[in-house]
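Down below is the structure, laid out as structure tokens.
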Amino acid sequence: MILAIDLGSTSFKAAVFDHRLRPVAGGSGLLKYEFDSQGGATLAPRSVDAALREALAEARVSEHPVRSVAITSQAQTFALLDARGRPQTPFFSWLDTRSRRACESLRKALPGFRQHCSFPEPEPGLQVCQLRRLRPPRLLSPALLPTWLLRLWTGSFATDANLAAMSGLYSLKHERWWDDALDACRLRPARLPEVLPVGTVAGLTNRGAHRSGLPAGLPVVLAGNDQTAGAFAAGIEQTGAVLLTLGTAMVACACRTAMPRARAGCVRGPYPDGRFYRLAVAAGGGSVVNWGETVLAGCATDEEFFRQAASSPPDCNGLVFEPHLDAARGAWRNVGLHHAPADFARSMLEALTAQFAATIRKTGIAPAAAPLLVAGGGSRQPFWVGLLARALDRPLRATRASPLRGAARMARALQSA
């Protein structure tokens, strides 16, 4: 059996899969952030450890004959570790906005950024911008969540090229840590983890994994970022399909045999088996829907919110929502006393869907001949899937494409090799 772990932004998830990639058990642990008035968003190491323990305990890991472990993760959250792998700082989240000034300075200091990084330009949440602000002490090493867990369980200090390229510190062009970015953050390559291909074994569990219920000697696979793992679960590299994820963000992912060119509005990087991915990301998505259903519509469940939205006519009785989600803002036009909560709910979904469809068309990520798959929490809502299908004028097929399953699939491929 395979233990897959997804180190997400809201919670950590763990699942045990059998050899046919059928989930046998699963669990999750909620993360508890610490926010401050300056824009800080951090996780105390004890909170991170507690979330991991909770997820593993719910999945009853010690009760299953696990043969390998695979880890996927959101891309940016990191801490500074000492030589023994112990966090000496909080884990800095990509939600932390204190690096805006550092981000602006990096745009001037690193004019060729888009040729090296997965992202087309520096953004405050990227690891390189956070480290530019922190200027870490000489004896501490930055480590993303999977690198920290790998160090804890195996003693190895490594990351995969998929996540490294999203940090802003690694060069896709040279396939190594990027000297200019390291200089900008006062870092040396020796303080950074070894970079391995995504989907490969990074180490074997030792006594450090015992307290989590795992025996020694299990191979630990680094499975890249959660979007890549989800796309691998859907097998887009085999079918040429494009995966549309209706999750916290709305993301379109395609697989390519060569590295895509840097392009505004797109993210790119290494994919398993020597391939490459290309992402188009639209702001908003599930995060906006969650706000709408709880704050705006007062709904207790997703199903209630979508049922309410479906009761409004397609024109929302003239109500129009205008999202400006890059700035976390939005506005309604034509508001009248005749509008009901259902009109507000549907107008939000119509606007989010139109924005996602426009992003897909603008980036050209989904050629007319490519099958379109849909995954994520929104894929379980037929009303939202129907809106997107009409906006794209294309059929959509729901698929099981969880990052956990994709990580497990990478581990299974190595077991079969």
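Counting other Cβ atoms within 10 Å of each Cβ, which trypsin sites (Lys or Arg not before Pro) in segment 81-143 have at most 13 and sit in a DSSP loop?
84, 138
Placing +1 on the Cβ of each Lys and Arg and -1 on the Cβ of each Asp and Glu in segment 2-228, which of 227, 4, 92 has its Cα farthest towards the positive end of the resulting dipole?
92
Per-residue HN-Hα couplings for segment 367-376, Karplus 6.51 cos²θ - 1.76 cosθ + 1.60 at θ = phi - 60°, whole Hz, x for Gly and Pro?
Values per residue, Gly and Pro as x: x, 4, 8, 7, x, 10, 9, 10, 9, x Hz.
Per-residue ellipticity at 222 nm for the chain, helices alone: DSSP H runs ≥ 4 residues times -39500 (n - 2.57), over residue total, nearest 500 deg cm²/dmol?
-9500 deg cm²/dmol
Where nothing but the Cβ of Lys and Arg (+1) and of Asp and Glu (-1) is charged, how large is the charge dipole of the chain around its Cα centre, in debye to the nearest 20?
It comes to approximately 1020 debye.
When 256, 67, 346, 46 are ordered from fewest to most other Cβ atoms inside 10 Å of their Cβ, what list results?
Ranked by crowding around the Cβ, least crowded first: 46, 256, 67, 346.
Any idea how far the Cα center of segment 226-251 sits from the one of segment 349-391, in Å?
Computed from Cα coordinates, the inter-centre distance equals 12 Å.
What distance in nm separates the two pseudo spin-label positions at residue 332 and residue 53, each 7 Å out from Cα along the beta-carbon direction?
4.6 nm
List, in order, the whole-Hz ³J(HN,Hα) value for each residue of segment 284-296 obtained from phi through the Karplus relation with A = 6.51, B = -1.76, C = 1.60 and θ = phi - 60°; use x for Gly and Pro.
After applying 6.51 cos²θ - 1.76 cosθ + 1.60, I find x, x, x, 5, 6, 4, 4, 5, x, 6, 8, 7, 7 Hz.
Quick one: of the DSSP bridges fully inside the chain, what percent are antiparallel, nearest 5?
75 percent
From the backbone phi of segment 196-210, what are the Karplus-calculated ³J(HN,Hα) couplings (6.51 cos²θ - 1.76 cosθ + 1.60, θ = phi - 60°) in whole Hz, Gly and Pro given as x?
10, x, 5, x, 10, 6, 9, x, 10, 4, 10, 4, x, 8, 4
Could you tell me which label, among [x] 27.4, 87; [y] 21.3, 66; [z] 23.0, 80, carries the value of Rg and Dmax of the Cα atoms in Å calculated for this structure?
For Rg and Dmax of the Cα atoms in Å, the calculated option is [y].
Multiply the residue gap between residue 1 and residue 32 by 0.36 nm, knock off their C-alpha separation, and tell me the result in nm, one decimal place.
Taking 0.36 nm per residue and subtracting the Cα distance, the gain is 8.1 nm.
Using the number of other C-beta atoms within 10 angstrom as an exposure proxy, rank 69, 374 with the fewest first.
In increasing order of surrounding Cβ atoms, one gets 374, 69.
How many lysine pairs are close in the chain, with Cα atoms under 28 Å apart and the two 8 or more places apart or on different chains?
The number of close lysine pairs in the chain is 4.
Which value, in debye to the nearest 20, describes the size of the charge dipole of segment 2-228 about its Cα centre when Lys and Arg Cβ atoms bear +1, Asp and Glu Cβ atoms bear -1, and nothing else is charged?
480 debye
If every alpha-carbon in segment 95-147 counts as one equal scatterer, what log10 I(q)/I(0) does Debye give at q = 0.28, 0.29 1/Å?
Results for segment 95-147 at q = 0.28, 0.29 Å⁻¹ read -1.14, -1.16.
Restricting to segment 2-228, what percent of DSSP beta bridges are antiparallel, rounded to 5?
70 percent
Since every read-out is calculated from the coordinates, none of them should be taken as a lab result. Small disclaimer: the values here were computed from a predicted structure and weren't measured. All Cβ positions, even for glycine, are placed from backbone atoms using ideal geometry, and neighbour counts span all protein chains on display.
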